[in-house]
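The values are calculated or read from the model by the stated rules, or taken from the named source; none is laboratory data. Keep in mind that this is a model prediction, so the values were computed, not measured. Note that each Cβ is placed from the backbone with ideal geometry, even for glycine, and that neighbours are counted across all protein chains shown. Ligands, DNA and RNA are stripped out before the accessible areas are found, and what is left, the full protein with its side chains, is counted by its heavy atoms. Shrake-Rupley method; radii C 1.70, N 1.55, O 1.52, S 1.80 Å.
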Amino acid sequence: MNILPRISDTLYHGTIDFFSSVDVTKGKSNKDFGKGFYMALEKSQAIGMMNKKFGEAVRRTRSKDPNQFSKHLYEIKLNREVIPNLKIKYFIDADMEWLDFVLKCRDCETVPHDYDLVIGPTADDNTTLCLKYYKDGVYGKVGSYEAKELLLKNLEVENLGIQYYIGKQEVADKLILTIKEL
């Protein structure tokens with residue numbers, strides 16, 4: 001299957017950190033596709049993440065002074081020539097395969113797969129709560145098809161944006177052509 005035409009070469013990243021190059025080690029653990037660097041297909045999704053990170057940072061500080069933080073939105077261009085040489089996992093839908101992958105990655109402090117690039121739906125804002133309910137057995141026996149089906153339904157998968165993930169520094173160094181702050 002040739003997925004090259006479906007891969008965008010312009011992506012976005014919203015954050016409260018200034019950077020001029022990607023460092024995948026700065027990513028947080030227990031994320032959808034593992035610890036690494038995430039980019040959004042849509043600018044609006046990156047802006048939403050930027051605003052969310054800003055709000056979380058302000059809430060975590062004692063002074064609650066928003067002037068301690070600044071918002072940064074980046075446009076990232078990918079090197080299309082590198083893409084055919086990558087090991088890519090592409091999720092078209094937030095289906096059972098996607099959910100199993102996300103559950104595995106969110107339970108791991110590092111990266112439980114060897115893909116160079118993972119593309120697929122972003123778990124939405126209520127994901128943490130839904131995952132807690134799932135792990136607590138609220139949706140049924142943990143690991144059962146029925147419980148995972150209910151978890152998928154509660155994630156409102158039709159409203160999810162598309163994210164791109166890189167977990168290896170050597171891949172980021174080759175794949176990312178430019179990073180421009182907007």
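Brief remarks on what is shown
- Looking only at residues in the stretch 37-91 that are under 18 Å from the mean Cα position of the chain (by Cα) and acidic (Asp, Glu), the one that is farthest from residue 105 (Cα to Cα) is 75.
- Residue in the stretch 159-176 that is of a type in the set (D, E, K, R), modelled with pLDDT of 90 or more, in contact with a strand residue (DSSP E or B) (Cβ under 7 Å, 6 or more places away or on another chain) and within 19 Å of residue 10 (Cα to Cα) present: no
- Residues being surrounded by fewer than 18 Cβ atoms within 10 Å (Cβ to Cβ), of a type in the set (Val, Ile, Thr) and in a helix (DSSP H, G or I) - total across the stretch 14-72: 3
- Of the criteria (1) open to solvent by 40 Å² or more (accessible area, probe 1.4 Å); (2) of a type in the set (Asp, Glu); (3) closer than 19 Å to residue 40 by Cβ, which one residue 109 fails: (3)
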